[in-house]
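I have placed the structure first, in the form of structure tokens, so that the comments after it can refer back to it.
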Amino acid sequence: MFDYVARTLAAYEQSVPKYEAATRDMVPDVELDAFTALLPDPSGPVLDAGCAFGRDTALLAARGVAVTGIDLSEPFLARARELHPGLAFRRMDVCRLDFDDASFAGVWCQATLLHLKDEHVKGALAEFRRVLRLGGALFVSFKEGEGEEEIVEPFSADAARFFRYQSVQRVHRLLETAGFDRPDVRVVNERARYGAGHRDLTWLTAYGRAT
């Protein structure tokens, strides 16, 4: 594990209840609808890469999609299994997926790759492309901005985490280079979507098909 990832993981693991409380109600229905509409098979299977406490894993399952959640954090996985005992969760690195080629109809990756440097984002996207069948759907999200930093963002954690900010053009290029056809990158303001009490923060949500 890369040192900066280990520090970010440690920050999450000391803030599991805070992260869950902050994000539990931030349900990405718009994104889930767009993603599931792209699936070549509406029943999946789908990989939820960076599932945390399993919120989106459960939302996908509720849509009738067969789904497996993965995360690097054992405390998050324990919480996911506690909340959703009927779903499958495994500890795994998004840059080193322990799945066969062409195993999935879709990969959903919400707010995970934003914690990786660009070279490791590229590695994760290559792994996503490898485990997707031809025409499989991808969803990834990032925070909009420039550069990278390790900061304490008290909204959802009490220790410093690494963030790599992205632009629409850069995300488009990353996905296209990784083998995803005509990436669709959208801009979403968190406060406008979820209301008062949330951050005036711009997210980039991106969709593509494996080619």
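Data table
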quantity: Distance in nm between pseudo-label sites at A192 and K122 (7 Å out along the Cβ direction from Cα); calculated: 3.2
quantity: Computed helical MRE - 222 nm, the chain, DSSP H runs ≥ 4 contributing -39500 (n - 2.57), nearest 500; calculated: -10500 deg cm²/dmol
quantity: For A21, net neighbour charge (Lys/Arg +1, Asp/Glu -1) across residues whose Cβ lies under 14 Å away; calculated: +1
quantity: Kirkwood Rh, Cα atoms: Rg over Rh of segment 127-187; calculated: 1.06
quantity: Kirkwood Rh and Cα Rg combined as Rg over Rh, evaluated for segment 1-59; calculated: 1.06
quantity: Reachable aspartates and glutamates from K18, criterion Cα separation under 14 angstrom, eight or more residues apart if same chain; calculated: E153, D158
quantity: D (Stokes-Einstein, µm²/s), Kirkwood Cα radius, the chain, 1.567 mPa s at 4 °C; calculated: 76
quantity: Rounded, prolate or oblate (a/c below 1.5 giving rounded, otherwise prolate when a/b exceeds b/c) for segment 30-78 by Cα gyration tensor; calculated: prolate
quantity: Per-bin percent of Cα-Cα distances, segment 21-106 [5 Å]; calculated: 3, 15, 25, 25, 21, 9, 1, 0
quantity: Formal net charge of residues neighbouring F142 (Cβ-Cβ distance under 10 Å; K, R +1; D, E -1); calculated: +2
quantity: Cα-Cα P(r), segment 87-211, percent of pairs per 5 Å interval; calculated: 2, 11, 19, 23, 19, 14, 9, 3, 0
quantity: Aspartates and glutamates whose Cα lies under 14 Å from that of K122, excluding same-chain neighbours fewer than 8 positions away; calculated: D93, E176
quantity: Cα gyration tensor, segment 71-117 - rounded (a/c under 1.5), prolate or oblate; calculated: oblate
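Read-outs: derived from the displayed coordinates by stated rules, not from any lab. Being a predicted model, the structure only gives us computed values, none of them experimental. With ideal geometry, Cβ positions are generated from the backbone for all residues, glycine too; neighbour counts draw on all protein chains shown.
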